[in-house]
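Asker: Take this structure first; my questions come after.
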Amino acid sequence: MMRRSIADNSYYPPGRYPEGWYLVEIARKLPAGGILEKEWMGQQIVAWRDDAGRVCVCEAYCPHLGGHLGPKGGGCVINGRLVCPFHGFEYDAAGRCVATPNTPPPKTARLNVYEARELNGLILAWWSPAGRGPQWELPEWPEKEWHRLDYGSLHFRGHPQETTENSVDFNHLQYVHGYLAVERAGEVQVDGARLRSQFNFRRKLYLFGAPILTRVAAAVHVWGLGYSFVEFHERASGLKLRQWILSTPVNDTHVRLVAALQIKRREPGQKWLAAVLLACLPASWLSRFFVSRVMHDVRQDVAIWENKRYQPLPILNRYDAGIATYRKYCEQFYPHSTLTR
Ligand code: FES
Ligand SMILES: [Fe+2]
């Protein structure tokens, strides 16, 4: 019998590229006049910003004769327009061809643009395997009381449905990550494209070599398989953090997972320990410390994700009720499929 490779699609959920909003890049990596190219959802794309700060995310190929518009092909942004290296067609941030070197711009010359949003320092774009427009919007969270976003990223073999399933897989938190006293706080709730789950746990952290037993309440908000937002409240110190887990298919086998994190600024009435920590340690140092802890956990997950296979009919126990809810929730992100379980 022929042995199937682990990269065989039958081992994955029914679509490699489920519908939703997916991270393109951390916004500060794309300044005005900047351009970057990426492999994203199995496509070559370009993200660039005009002089007014507008972001355009588009397919990397020019509609004229297919010149590559990214830096490696010689594409660049000049006077707020994306200029093709092949014959010099110029495009605005809406994707319209607005000038060519020698003829009026053809009206039908338009970049294949993806709907994009810039929210909380993240650039995300909409992907639909069915060619549908955005089916929901993502929230913009208030920024004023939060320190600068810090982040880490990993590239590995995986799928966003599998990575996001972590949010409702409470059993693995203790077994894989060593969290203590993990308890669900209520049922996993689904409202359209939004899923919410809450849990509490304890975790030992080492700060300057000293062990600290944290007591954390976590509230997870998932909006599709590429965007999860988690609020953490460390009850002993009063410290509050928030984190985005952004899982983006790169190609048929790999995802890029970005964990972005912010720490809440000092606030009146805060517990003394949080106030002391925020007063004594630079927020940037604290952010990096927590990002390193998160990435440590993600690496533990990657060791599982890279070697597991998708189990379409999992055998669930009574602690796995959230997983059954989550699998049902995922069906909406495969508009062409009825196979997901
Ligand atoms: S291919 Fe881009 S201008 Fe001709
Ligand atoms: Fe995990």
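Readers should treat all values here as calculations from the given coordinates under stated rules, not as data from a laboratory. All values reported here derive from a predicted model rather than from experimental measurement. Counting neighbours? That spans all protein chains shown, and the Cβs are built from the backbone with ideal geometry, glycine included.
Asker: What distance in nm lies between label points placed 7 Å from Cα along the C-beta direction at residue 107 and residue 132?
Answerer: In this crude spin-label approximation the distance works out to 3.2 nm.
Asker: Among rounded, prolate and oblate, which fits the chain when a ≥ b ≥ c are the square roots of the eigenvalues of its C-alpha gyration tensor, a/c under 1.5 means rounded, and a/b larger than b/c means prolate?
Answerer: It is oblate, given that a/c is not under 1.5 and a/b is not larger than b/c.
Asker: In a GNM of the chain with a 10 Å cut-off on Cα contacts, which of 104, 134, 31 has the highest mean-square fluctuation?
Answerer: Result: 104 has the largest fluctuation of those listed.
Asker: Counting alpha carbon pairs within less than 8 Å and at least 6 residues apart, what relative contact order, in whole percent, applies to region 222-299?
Answerer: That works out to 23 percent.
Asker: With a 4.7 Å Cβ cut-off, tell me which Cys residues in the chain come up empty for a partner.
Answerer: 56, 58, 76, 97, 280, 330
Asker: Mean-square fluctuation check for the chain, GNM, Cα pairs under 10 Å: which of 152, 70, 226 is largest?
Answerer: Looking only at 152, 70, 226, the biggest GNM fluctuation is shown by 152.
Asker: Now for a different question. Charges at C-beta only: +1 for Lys and Arg, -1 for Asp and Glu. How large is the resulting dipole of the chain about its Cα centre, in Debye rounded to 20?
Answerer: Charge dipole, the chain, about its Cα centre: 740 debye, nearest 20.
Asker: Could you tell me how far the Cα centroid of region 33-86 sits from the Cα centroid of region 278-327, in Å?
Answerer: What the calculation gives is 34 Å, centre to centre.
Asker: Something else now. Given a Förster distance of 22 angstrom, what is the FRET efficiency for residue 140 paired with residue 194, based on the Cβ-Cβ distance and rounded to 0.05?
Answerer: For R0 = 22 Å, the calculated efficiency reads 0.90.
Asker: For a test of understanding, tell me how many lysine pairs in the chain have Cα atoms under 24 Å apart, given they are 8 or more places apart or on different chains.
Answerer: 14
Asker: At what distance in nm do the modelled label points of residue 115 and residue 99 sit from each other, each positioned 7 Å from its Cα along Cα→Cβ?
Answerer: 3.2 nm
Asker: Another question, if that's okay. How would you rank 191, 297, going from fewest to most other Cβ atoms within 10 Å of each one's own Cβ?
Answerer: Ranked by crowding around the Cβ, least crowded first: 191, 297.
Asker: Can you give the FRET efficiency for residue 217 and residue 307, using 1/(1 + (r/R0)^6), R0 = 41 Å, r = Cβ-Cβ distance, to the nearest 0.05?
Answerer: Once rounded, the FRET efficiency stands at 0.85.
Asker: Now for a separate question. How would 285, 21 line up from fewest to most surrounding beta-carbon atoms within 10 angstrom?
Answerer: If I rank by nearby Cβ atoms, fewest first, I get 285, 21.
Asker: Remind me, relative contact order of the chain in percent, using alpha carbon pairs under 8 angstrom and six or more residues apart?
Answerer: 18 percent
Asker: Give, as a single signed number, the net charge of other residues whose beta carbon lies under 15 Å from the beta carbon of residue 125, with Lys and Arg counted +1 and Asp and Glu -1.
Answerer: The answer is -1.
Asker: Now, a different point. Is it possible to state the helix-based mean residue ellipticity at 222 nm for the chain, with each DSSP H run of 4+ residues giving -39500 (n - 2.57), the sum divided by total residues, to the nearest 500 deg cm²/dmol? What is it?
Answerer: Counting only the DSSP helices, I get -4500 deg cm²/dmol.
Asker: Turning to a different aspect of this structure: For 163, 100, 248, 108, what's the fewest-to-most ordering of other Cβ within 10 Å of each Cβ?
Answerer: Fewest to most other Cβ atoms nearby, the residues stand as 108, 100, 163, 248.
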